[in-house]
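Contents: one structure, followed by commentary.
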Amino acid sequence: MGRYSIKMPDVGEGITEAEIVEWNVSVGDFVQEDDILAAVMTDKATVEIPSPVTGTILALHGELGETTAVGAEIIALEVDGDGEEHADDKAEDLSDAAPDVAQDVSQDASKDETPDVQPEVAAVAPTFQALAPTGLPRPVGEKPLASPSVRRRAMDAGVRLAFVQGTGPAGRILHEDLDAYIAGGVRLPVQVSEAVVPLKNGVEEWRVIGLRRKIAERMQDSKSRIPHITYVEEIDVTDLEKLRRHMNETRKSDQPKLTILPFLMRAMVVAAREVPKISSHYDDEQNLVRQYEAVHIGMATQTDAGLMVPVVRHAEARGVRDMADEIRRLADAARDGSITRDELTGSTITISSLGAMGGIVSTPVINSPEVAIIGVNKVVIRPIYIDREFQPRQIMNLSSSFDHRIIDGWDAAVFIQKIKSLLEHPALLFVE
């Protein structure tokens, strides 16, 4: 028997350290070659670490959230034969092997995470339903292995992972295992008494690590360094909605269904011609503004892995249908994990849309080093006084933030008012 050492990999691009964000094995586990042992995160990407050999886990070095230098030992295995001092000769260079991951954090934006599951409301107090366990729990002290996205889904669904059987490597619980458990589980009835409301004293703690920590760091940095000015404007999108519905009803089978986003992106492109410094990066260390002729629009997208910002490149050269195609392609790629690093970098202005969740006003955080972010709120029907009478109109608020060091309040107002004019008279969107 021998000892085999796996070191923190060199993922290239000058990275000198990485954060441990997931352990998929425990000491004593028997693993096969190519089993995924852990996941580590750099400033650029999250990379899974496979086992180059078959053996038994002797030691795991580092806690979740701990940053470890490249080249330091993180895993030791016991293997047949004399073993090797370390894994450098056999392991692949992860700078080439790592996929262009969806968990890139170099272009995070400001949208907060929102659970997909809404609480069920009883007469006296809101009560969450839980899933009744259908299997035997794990032995005391045995921690179920699962990715952060699986743990989040389980928490939202009221599932205790201790009762879920995992079919992945080393008993890891996969999304499919959670789906199977939920499909076979029995929801506990909600019983709330008006006289007795049970007290809940439980406290759950978790470390802020991985993508969530990167998002937190970027948001804190943005808010601490950038003086935000937020400008809110009502926009009458009644005529735009009529046009959008007509275009959807008459679209060809190979054409995408249009949402309001491609029209808004088109309006941003046209409005940027009047306020070109809107499409800029501000390097406050060098006191340098880089103003771009192109408009690359980032769109904040919620995924199981966290918030990502895919980039619609060269929006100035796209029509609304082409824009819609690209929006759909990028959103699907972000959610299924196939998006590349290049598709998550390089935005010059960002859209953050909470319209589907509701809310009439938001205060979006600028995606540094950009100088502006456009926040989309829900469309509501309001009575608007027109031609001496009230008419029902579809109204949408834009809640947009600007870097006040570069963008004056006047410039912000000119930009948003131009967008308002274009969206309220949508034919102007198609006039060059």
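Numbers at a glance
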{"read-out": "Condition met for VAL320 (β-branched (Val, Ile, Thr) and in contact with a Pro (Cβ under 6 Å, 6 or more places away or on another chain))", "value": "yes"}
{"read-out": "Any chance PHE415 is out of contact with any Leu (no Cβ under 9 Å at 6 or more places or on another chain), farther than 17 Å from ALA267 by Cα, modelled with pLDDT of 95 or more and not charged (D, E, K, R)", "value": "no"}
{"read-out": "Looking only at segment 269-289, and only at residues there that are open to solvent by 30 Å² or more (accessible area, probe 1.4 Å) and in contact (Cβ under 8 Å) with a residue 12 or more places away in the chain, the one that is farthest from the chain's Cα centre (by Cα)", "value": "GLU274"}
{"read-out": "Residues of segment 345-360 that turn out to be at pLDDT below 90 and under 19 Å from MET219 (Cβ atoms), as a count", "value": "4"}
{"read-out": "Close pairs (7 angstrom Cβ cut-off, 6 or more residues apart or separate chains): within 16 Å of GLY375 (Cβ to Cβ) in segment 406-422, among the small types (Gly, Ala, Ser) and open to solvent by less than 40 Å² (accessible area, probe 1.4 Å) anywhere", "value": "ILE407/ALA372; PHE415/ALA271; ILE416/SER400; ILE419/ALA267; ILE419/ALA271"}
{"read-out": "Selected residue (criterion: nearest to the chain's Cα centre (by Cα)) from residues of segment 24-67 that are polar (S, T, N, Q) and either more than 13 Å from TYR4 (Cβ to Cβ) or assigned to a loop (DSSP other than H, G, I, E, B) (or both)", "value": "THR46"}
{"read-out": "Complete set of residues in segment 328-375 that are among the aliphatic types (A, V, I, L, M) and within 21 Å of HIS314 (Cβ to Cβ)", "value": "LEU330, ALA331, ALA333, ALA334, ILE339, LEU344, ILE349, ILE351, VAL371, ALA372, ILE373, ILE374"}
{"read-out": "Matching residues in segment 266-278 - criterion: being part of a helix (DSSP H, G or I) and closer than 19 Å to GLN291 by Cβ", "value": "MET268, VAL269, VAL270, ALA271, ALA272, PRO276, LYS277, ILE278"}
{"read-out": "Out of ILE381, ILE360, sole residue that is assigned to a loop (DSSP other than H, G, I, E, B), free of Cβ contacts under 8 Å to residues at least 40 places away in the same chain and open to solvent by 70 Å² or more (accessible area, probe 1.4 Å)", "value": "ILE360"}
{"read-out": "Residues satisfying the stated conditions in segment 155-190, i.e. modelled with pLDDT of 80 or more, in a helix (DSSP H, G or I) and in contact with a helix residue (DSSP H, G or I) (Cβ under 7 Å, 6 or more places away or on another chain)", "value": "HIS175, LEU178, ILE182"}
{"read-out": "Unique match (being surrounded by 18 or more Cβ atoms within 10 Å (Cβ to Cβ), touching a residue at least 40 places away in the same chain (Cβ under 8 Å) and in contact with a strand residue (DSSP E or B) (Cβ under 9 Å, 6 or more places away or on another chain)) among VAL53, VAL40", "value": "VAL53"}
{"read-out": "Some residue of segment 398-411 being of a type in the set (A, V, I, L, M) and open to solvent by 40 Å² or more (accessible area, probe 1.4 Å)", "value": "no"}
{"read-out": "Single condition LEU428 does not satisfy, out of (1) touching a helix residue (DSSP H, G or I) at 6+ places or on another chain (Cβ under 8 Å); (2) closer than 29 Å to ALA216 by Cβ; (3) among the hydrophobic types (A, V, I, L, M, F, W, C); (4) not in a strand (DSSP E or B)", "value": "(2)"}
{"read-out": "Odd one out for ARG266, checked against (1) at pLDDT 95 or above; (2) open to solvent by 60 Å² or more (accessible area, probe 1.4 Å); (3) of a type in the set (Lys, Arg)", "value": "(2)"}
{"read-out": "Tally, over segment 206-249, of residues that are open to solvent by less than 70 Å² (accessible area, probe 1.4 Å) and over 17 Å from SER368 (Cα atoms)", "value": "16"}
{"read-out": "Every residue from segment 297-319 that is outside any loop (DSSP other than H, G, I, E, B), open to solvent by 20 Å² or more (accessible area, probe 1.4 Å) and at pLDDT 90 or above", "value": "GLU316, ALA317"}
{"read-out": "Filter pass, ASP322 being at pLDDT below 95 and not hydrophobic (A, V, I, L, M, F, W, C)", "value": "no"}
{"read-out": "Extreme residue, modelled with the highest pLDDT, among residues of segment 3-23 that are assigned to a strand (DSSP E or B) and among the hydrophobic types (A, V, I, L, M, F, W, C)", "value": "ILE6"}
{"read-out": "Among residues of segment 56-82, those that are open to solvent by 20 Å² or more (accessible area, probe 1.4 Å) and touching a His at 6+ places or on another chain (Cβ under 8 Å), counted", "value": "2"}
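Okay, residues lined up against (1) part of a helix (DSSP H, G or I); (2) surrounded by fewer than 21 Cβ atoms within 10 Å (Cβ to Cβ):
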position: VAL295; (1), (2): no, no
position: ALA324; (1), (2): yes, no
position: ARG335; (1), (2): yes, yes
position: SER338; (1), (2): no, yes
position: GLY346; (1), (2): no, yes
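The values are calculated or read from the model by the stated rules, or taken from the named source; none is laboratory data. Fair warning: this is a prediction, and the values are worked out from it, not measured in the lab. Because the Cβ atoms are built from the backbone with ideal geometry, glycine has one as well, and the counts that use them run over all protein chains shown. Remember, those area values only see protein heavy atoms, side chains included, never the ligands or the DNA or RNA. Shrake-Rupley method; radii C 1.70, N 1.55, O 1.52, S 1.80 Å.
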